[in-house]
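A short write-up of the structure that comes next.
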Amino acid sequence: MSRTRSLTGSLMSIVAIGSLVGCANSMVPDLNNAAISDFQANPTGAAAGAIAVGLVRGSRDNVALFAENIGILGREGFEMGVAQGDLPLYVTGPMTPGTFFVGQMWTGQYKDLRSANTVLDALAKVPDLTATQKEALIGFVQTMEAFDIYELAASRDTFGIPIAVDVSPTGPPVPIAVKADVYQHILNLLDSGQTHLQAGGAAFSFTLPVGFTGFNTPATFLTVNRGLRARADILLNNYADALTDLTGSFLNEGSPLSTGPSFDFSNNSGDEPNPLFAPFYYAVPQLVTDAQLQANNTPDERVQVKLVSVPSFTLDGITSDVQFTLYPGTTTPIPMLRNEELILLRAEAELGTGDLAGATADINFIRTTSGNLPPIANPFVPTANQPTLLDELLYEKRYSLLWESGNNWISMRHYNKLNLIPRQEAAERIFDVVPYPLAECQARSPQPEGCATVIGS
């Protein structure tokens with residue numbers, strides 16, 4: 001079962017911090033965990049580096065669950081395992097704090113944040129790292145913190161989330177920060193991370209997994225930091241800032257669209273296979289019927305590459321005859337951020353700043369390169385399915401970023417277009433936000449808005 005594997009993998013990783021029972025009293029390091037307890041008792045460079053690398057292992061579990069859960073909410077696909085029995089929770093709801101997958105987009109991220117704070121708080125006591133090495137480590141950790149908080153912020157949106165989590169575990173619950181403050185915190189972390197990475201010398205003191213090859217030095221990882229900031233800029237409508245940040249990212253039309261850091265999986269003992277490799281993940285069939293046509297009248301090349309036709313299957317009123325081919329094996333990586341997304345973010349920022357020609361050029365680059373579709377005209381000519389250039393951009397994002405980052409739900413919500421997400425049955429509902437998990441709500445009195453049942457529309 002994919003969720004069991006993901007959570008087990010997280011707990012096995014060296015950054016496992018124990019279960020969360022609310023931000024006040026439960027984001028507590030598991031003192032039986034050797035890496036954490038050893039580091040706290042005897043801070044060393046090797047232990048600090050191990051925890052930093054552990055953040056990557058934690059994040060890969062979070063990414064897999066995020067891609068699945070948010071992908072379902074955005075109707076990219078469905079988990080249709082008969083034994084799972086949870087499809088109606090996603091489709092008709094309602095979504096309550098007790099809904100089991102709600103905690104999957106909370107617990108892992110806060111474990112990572114506690115790990116990050118553990119290493120940052122004790123870094124001054126580490127005797128065997130140079131000042132430059134410490135700068136690099138801080139920059140890396142702060143960037144990974146921002147990555148985790150982005151997922152929390154994207155799922156909880158207007159509810160806000162706790163961000164001041166580096167506090168006593170025996171104190172009162174951490175206050176809920178409003179959405180604007182959460183995103184400002186993300187930007188602050190990334191900007192601080194940028195400063196530290198710039199002062200971090202030529203190499204990290206720790207070895208990153210192979211999926212970070214090409215992004216495993218302070219200078220190259222800084223390009224990831226800037227790309228992540230551009231992603232946050234877009235959701236704040238800070239389009240000019242996004243363009244600036246993208247100039248410092250690894251965006252490059254001359255590089256493969258797949259270029260970027262990724263999270264690795266393996267079948268090795270003590271490691272974890274890719275949890276998105278499973279026979280019960282089905283794509284929404286509208287991805288095929290909504291696809292634009294290539295010159296030879298076949299669907300968008302991204303449909304050919306990412307989806308495969310299978311015998312029709314129906315579960316709980318949902319029917320699909322399409323499955324994903326994105327993760328064809330247990331060791332297939334999941335991207336953290338890709339060149340293709342950066343180019344689309346630039347198109348989005350150009351559109352937001354009124355540079356329609358620039359946006360059209362970037363959209364056409366993705367259309368022709370990734371979709372093998374004919375270019376759209378400049379100026380844009382509306383169609384029945386894409387009445388605006390924004391709709392055309394959202395189409396490209398839908399197919400280019402399918403089942404890897406929860407893009408469709410996040411982007412459609414950002415532009416108040418959730419009502420356009422396809423549905424199959426009359427009772428089906430689309431949710432606009434995810435509540436806090438039950439344990440978090442039980443730790444708070446009075447309970448905040450994020451503890452309310454989400455009905456959807």
Could you size up the charge dipole of the chain around its Cα centre, putting +1 on the beta carbon of Lys and Arg and -1 on that of Asp and Glu, and report it in debye to the nearest 20?
-> 300
Nearest-ten-degree value, helix 131-156 long axis tilted from longest Cα axis of the chain = 50
Determine the alpha carbon to alpha carbon distance for each of K111/K417; K397/K417; K111/K134; K179/K306; K179/K417 and list only those over 24 Å.
-> K111/K417; K179/K306
Distance in Å, no decimals, from the C-alpha centre of the stretch 369-444 to the one of the stretch 53-114 is 18
By the C-alpha gyration tensor axes a ≥ b ≥ c (rounded if a/c is under 1.5, else prolate when a/b exceeds b/c, else oblate), the shape of the stretch 244-303 is oblate
What FRET efficiency comes out for the pair T369/T331, r = Cβ-Cβ distance, R0 = 30 Å, nearest 0.05?
-> 0.70
Mind checking the angle between helix 218-235 and the chain's longest principal axis? C-alpha axes, 0 to 90 degrees, to the nearest 10.
-> 60
Okay, which of the stretch 111-126 sit inside 12 Å, backbone N to the point 7 Å along the Cα-Cβ direction of D166?
-> 113-124
Using a 1.4 Å probe and ignoring any ligands, DNA or RNA, find the accessible area of F365 and quote it in Å² to the nearest 10.
-> 50
For the stretch 301-457, calculate the relative contact order in percent as a whole number, restricting contacts to Cα pairs under 8 Å that are 6 or more residues apart.
-> 16
For K134 the rounded accessible area (nearest 10 Å², probe 1.4 Å, non-protein molecules ignored) is 40
Separation of the stretch 294-354 and the stretch 144-215 by C-alpha centroid, Å?
-> 28
Quick one: how many Å² of F100 are accessible to a 1.4 Å probe, rounded to 10?
-> 80
Using the Karplus curve 6.51 cos²θ - 1.76 cosθ + 1.60 with θ = phi - 60°, work out ³J(HN,Hα) for each residue of the stretch 311-324 in order, rounded to whole Hz, and write x for Gly and Pro.
-> x, 4, 9, 10, 8, 6, x, 9, 10, 8, 10, 9, 10, 7
If you stretched the chain out fully between T388 and D271, how much longer would it get, using 0.36 nm times the residue separation minus the C-alpha to C-alpha distance?
-> 37.5 nm
A240-D86 FRET efficiency (beta carbon distance; Förster radius 60 Å; 0.05 resolution) | 0.90
Nitroxide proxy distance, nm - points 7 Å out along Cα→Cβ at T207 and T96 | 5.0
Check N372: other-chain or 5+ apart residues with amide H under 5 Å from its amide H, H built from backbone geometry?
-> E301
In nm, what is the difference between 0.36 nm times the number of residues separating E425 and T130 and their Cα-Cα distance?
-> 100.2 nm
To the nearest 10 degrees, how steeply does helix 45-73 sit against the main Cα axis of the chain, on a 0 to 90 scale?
-> 30
Hey, what's the chain come to in accessible area per residue, 1.4 Å probe, Å²?
-> 36
Extension gain (nm, one decimal) between T220 and D321, 0.36 nm per residue minus Cα-Cα | 32.2 nm
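The values are calculated or read from the model by the stated rules, or taken from the named source; none is laboratory data. Quick caveat, the model's predicted, so the values are computed rather than measured. Cβ sites come from the backbone with ideal geometry, for glycine too, and all protein chains shown count toward neighbours. For the accessible areas, the whole protein counts, side chains as well, though only heavy atoms, and no ligand, DNA or RNA atoms are used. Shrake-Rupley method; radii C 1.70, N 1.55, O 1.52, S 1.80 Å.
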